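What follows is one structure encoded as structure tokens, with my remarks underneath.
The values are calculated or read from the model by the stated rules, or taken from the named source; none is laboratory data. As the structure is a prediction and not an experimental result, all values here were calculated from the model. Using ideal geometry, Cβ is built from the backbone for each residue, glycine included, and neighbour counts are taken over all protein chains shown.
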Amino acid sequence: PSTDALARPAATICARRLMITMSKSPRCSVLRQAPRKGGLCLARSDRLFSQSAQSDLLHVSRIPTMHFQNSLPKMPIPELSDSLQRFIYSATPLVSAAQLAAAQKAADAFLKEQGPRLQAQLKATDAASYSSYISKPWFELYLKDRSPLLLNYNPQLTFKDEPGEGRSSQAGRGARLLHAAAKFLRTYEENVLEPDIFHTNPKRSKHPLWPEVMRMLPRSVAFYGAAATGAYPLDMSQYHNLFRSTRIPRQEIDELRKSESKSRHVVVQRGGRFWSVDVLDEAGGPVPPTQLRGALQAIIDADGAAGGAQAQTAASACALGLLTSLPRNEWASARAALAASSAVNQAALETIDSALFTLSLDRESPVGPEAVNRCMLHGDGVDRWLDKSFTLIVTANGKAAVNFEHAWGDGVAVLRFFNEVYDAASAMADERGAAPTQPPQPLSWELPAQMPAIVADAKARFDATVGSTDLAVMESDLLTTTALKKAKLSPDGESTVDIYCLSGAIGNEIHLSHASHI
């Protein structure tokens, strides 16, 4: 919702006065809350968290997670004449003089004829929308595309190895990542995950009393108070779909489905089979990593004892995760047939859809950056559910990554999750597994007669797509983000230009390319 423009200067002045108070009185007792018996008084809508509850969280922000959300300014709609000028400017180096003249003529005509009417429609649509004017078409861009998610859309982020010796156990690392992810979820749902903020003046905005000042501001103007100190809160609406979210294949346009249930489980994939594993207990707290390790080890052991190689091959042949790599309309038809054929299948699909996320316990042990990246980007396709908001992948030799579906958001929320989960998991002790309170529950399927053939076809097409894809890794200590920014170059832009140049050098033709540099 838009904030009353008259309130913004007042909020700015208020924030500046409070910042002056902070600098003059760093021990201001009025702005602090003293610890109380039985726990710490923490800023979350005046709720009191006990010390034991705090251990379930990654941290406790003094500013509520969504404190700034309602006062975020919308992305402004450029004037039509400015947009057309940028179009001509962008086209200039790409077309001939005659083509440029034709483009200019068309732009001038558009400015006088259809343009103003369409601009007015765009502004009216924007005024009625909570988010920016590009949000809806951006989502539809992804959801309407009928191309497979495999390689086209789902990216991956590979974790560094955990520091220290003896921390490469698949079950151990998987358990630590699950426990850290559960703590991240709890922190977010309790509204005490630190807000995403871009700090341009850390001396002011990272002052110890800055959070106390910000949380005193009304939420309707909080963004402007922060901006007055050189701190710019970022949109956090995408976090809503980080957990319990799935892209459902439909004909022509997919659906982003957020489960409304307070599910406590993840779905673990191993050898073409699926298990449900609780990572939150009945009270909503994270299950201890020792119990999670025991559950994951039980799944690994069950896969190894599944009747030998023949049984494992049969399970892989009906690995339904491969269906998520099909073109979207084909997968929509296959999923509908799967669900309609049996209530058992419907229940299994609902278990996957409502899961917090999926965990893939890969049988592979990739060595070297190229093998690791290939594994995390696509693997063999057997143990992936590409529709899920994200999948944690842990290999047999303890390599780990996040592979995520792109329609629900970009990399901002995922990267925050990725970094904080890595830090939390790396800080945990490498403890032995224990018997879980709730053993892993295998998902059951009743496959219709045509389904094995559809899966086999999906596997053949998967292998053909992956086989036609080259992957190379180049590590550079010179071309770093810091060096590029120092040279006043955009890391994203530089990466994209590099790919364009290489594409032209190899094929003597420029192909459409996109690179995101993190």
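Here are some notes:
- Meeting the requirement of 3 or more residues that are within 30 Å of residue 327 (Cβ to Cβ), the helices (runs of 4 or more DSSP H) wholly within segment 395-495 are 411-426, 451-467.
- Looking across segment 206-219 at every residue that is surrounded by 15 or more Cβ atoms within 10 Å (Cβ to Cβ) and in a loop (DSSP other than H, G, I, E, B), the one that is nearest to the chain's Cα centre (by Cα) is identified as 219.
- Here residue 237 meets the list (1) among the hydroxyl-bearing types (Ser, Thr, Tyr); (2) modelled with pLDDT under 95; (3) in contact with a Lys or Arg (Cβ under 9 Å, 6 or more places away or on another chain) almost entirely, failing just condition (3).
- Matching residues in segment 368-385 - criterion: being aliphatic (A, V, I, L, M) and closer than 19 Å to residue 415 by Cβ: 372, 376, 377
- The set of residues from segment 358-373 being within 27 Å of residue 301 (Cβ to Cβ) and out of contact with any Pro (no Cβ under 7 Å at 6 or more places or on another chain) comprises 358, 359, 360, 361, 362, 363, 364, 365, 366, 367, 371.
For (1) at pLDDT below 95; (2) surrounded by fewer than 16 Cβ atoms within 10 Å (Cβ to Cβ); (3) among the charged types (D, E, K, R), each residue gets a yes or a no:
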position: 376; (1), (2), (3): no, no, no
position: 386; (1), (2), (3): no, no, no
position: 403; (1), (2), (3): no, no, no
position: 426; (1), (2), (3): no, no, no
position: 440; (1), (2), (3): no, no, no
position: 475; (1), (2), (3): yes, yes, yes
position: 481; (1), (2), (3): yes, yes, no
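- Qualifying residues in segment 163-193 (those that are touching a Gly at 6+ places or on another chain (Cβ under 8 Å) and in a loop (DSSP other than H, G, I, E, B)) - the one surrounded by the most Cβ atoms within 10 Å (Cβ to Cβ): 169
- Residues of segment 242-293 that are assigned to a strand (DSSP E or B), touching a Gly at 6+ places or on another chain (Cβ under 9 Å) and under 17 Å from residue 409 (Cα atoms): none at all.
- Test: residue in segment 361-368 that is in contact with a strand residue (DSSP E or B) (Cβ under 6 Å, 6 or more places away or on another chain), closer than 21 Å to residue 444 by Cβ and buried (at least 18 other Cβ atoms within 10 Å of the Cβ): yes
- Matching residues, segment 220-236, being in contact (Cβ under 8 Å) with a residue 40 or more places away in the chain, assigned to a loop (DSSP other than H, G, I, E, B) and either touching a Phe, Trp or Tyr at 6+ places or on another chain (Cβ under 6 Å) or under 23 Å from residue 132 (Cα atoms) (or both): 220, 221, 228, 234, 235, 236
- Cβ-Cβ under 7 Å pairs, at least 6 apart or on other chains, segment 431-458 side within 15 Å of residue 342 (Cβ to Cβ), far side surrounded by 14 or more Cβ atoms within 10 Å (Cβ to Cβ) and among the β-branched types (Val, Ile, Thr): 443/351
- Restricting segment 330-361 to residues that are in contact (Cβ under 8 Å) with a residue 60 or more places away in the chain and charged (D, E, K, R), the residue that is nearest to residue 276 (Cα to Cα): 353
Let's see how each residue does on (1) loosely packed, with under 13 Cβ neighbours inside 10 Å; (2) outside the structural domain of residue 368 (by TED's automatic domain parsing):
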site	(1), (2)
452	no, no
455	no, no
458	no, no
461	no, no
487	yes, yes
492	no, yes
501	yes, yes
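- Selection status of residue 144, more than 19 Å from the chain's Cα centre (by Cα) and free of Cβ contacts under 8 Å to residues at least 24 places away in the same chain: no
- Qualifying residue in segment 467-478 (condition: over 27 Å from residue 372 (Cα atoms), of a type in the set (Ser, Thr, Tyr) and free of Cβ contacts under 8 Å to residues at least 24 places away in the same chain): no
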